[in-house]
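Some notes on the structure that comes next.
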Amino acid sequence: MALSDNIPKYILSKKQMSFNVVFTALFSIVTDLLLAPLSIHNWFVLANGHSTIATIAFWALCFLILILSREKLYSLRNRNITVLSYILWCLCEMLLISLLYMSVSLLGERLSWFVQANRSPFENFLHSFIFCIFGLGVPNVISILYCAVSEKDQTIRLMNFSNVVSDTESSPQNAKRITLYDNSGVLKLVINQNNLYYIESDDNYIKVWYQDSYSELKQYMLRCKLKTIEESFAESDLVRCHRKYIVNINKVEQMSRQKDGSFSLDLGMNRIEPIPVSKTYEEGFLARFNSR
């Protein structure tokens, strides 16, 4: 993957972000506490006294920085974020935490909370930044690898079935089929992507609306969450437009602005009512619609 390529959408999923923050925080804390006895310059300690207060306050602020940073990154998930941009974002997190470490060190020395052996502010910053590369970088890589492995095991995935035996008529070599599994991992439905119109959420179930071989609109229901579909089909033509709907972007014939300023989608079939586009997904959906 080149630096100019967009990162996979699952890296910016809420599940991945939450796991990343928690795992990174625990990994960094445990690693630093294990290494603290080996460093005569480190003021981290969990005992009675001001050093303990500084240690707890520092880690709490670091945790807050990670949460706010990942929430902001999550809010940008519908934009095209490259590998290079993601790396620079992570480096900025490391720089902020290193500056925080340097500030706490200076404050602690001035208040005589702890004494560091004649180490300059720059040395404190450099020492912290080197640790951040390991303490934040390693768990970040591990969490991404874990998420990548989990992605392959999603109950719903987009595949090319040109070489797979099926009870349907043979399709062109580049025809893509969408395989739908229930929460138990049992295959329930295989349809051509070009025949799918939209998917609708219904509590813990989804309704799949598609056109069969007789050009009739059909509905199929299975137990699954719409969020799983959104993450699994992030790179396909299936796009989230509302908390209840995912549509095939190629089936949208017209977007109409309503009186309240919102948009609705016309999929070109009389039996399908206009599908709303909520403000949450409007920007990302418009970008996909205009670039198709």
statement: Label model pair Met255, Ile53: point-to-point distance (7 angstrom along the Cα→beta-carbon line) in nm is 5.5 nm
query: Which of the aspartates and glutamates could a cross-linker span from Lys14 if the Cα-Cα distance has to be under 18 Å and same-chain partners fewer than 8 positions apart are dropped?
result: Glu71, Glu151, Asp153, Glu230, Glu231, Glu235
- prompt: Between rounded, prolate and oblate, where does segment 207-280 land on the alpha carbon gyration tensor, with a ≥ b ≥ c its root eigenvalues, rounded for a/c under 1.5, else prolate if a/b exceeds b/c?
  reply: oblate
- request: Multiply the residue separation of Tyr214 and Asn6 by 0.36 nm, subtract the distance between their alpha-carbon atoms, and state the gained length in nm to one decimal.
  value: 71.0 nm
statement: Once amide hydrogens are built 1.01 Å from N within the peptide plane, the residues lying 5 or more places from Cys224 or on another chain with amide H under 5 Å from its amide H are Tyr205, Ile206
- request: Note the full-extension length gain between Leu64 and Ser236 as 0.36 nm times their separation in residues minus their Cα-Cα distance, in nm to one decimal.
  value: 58.5 nm
message: Give me the one-decimal nm value for the distance between modelled label points at Glu109 and Cys92, 7 Å along each residue's Cα-to-Cβ direction.
response: 2.9 nm
statement: Expressed in nanometres to one decimal, the distance between label points 7 Å along Cα→Cβ at Asn80 and Leu34 is 4.2 nm
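Since every read-out is calculated from the coordinates, none of them should be taken as a lab result. All of these numbers come straight from a predicted model, not from anything done at the bench. Ideal geometry is used to build each Cβ from the backbone, glycine not excepted, and the neighbour counts take in all protein chains shown.
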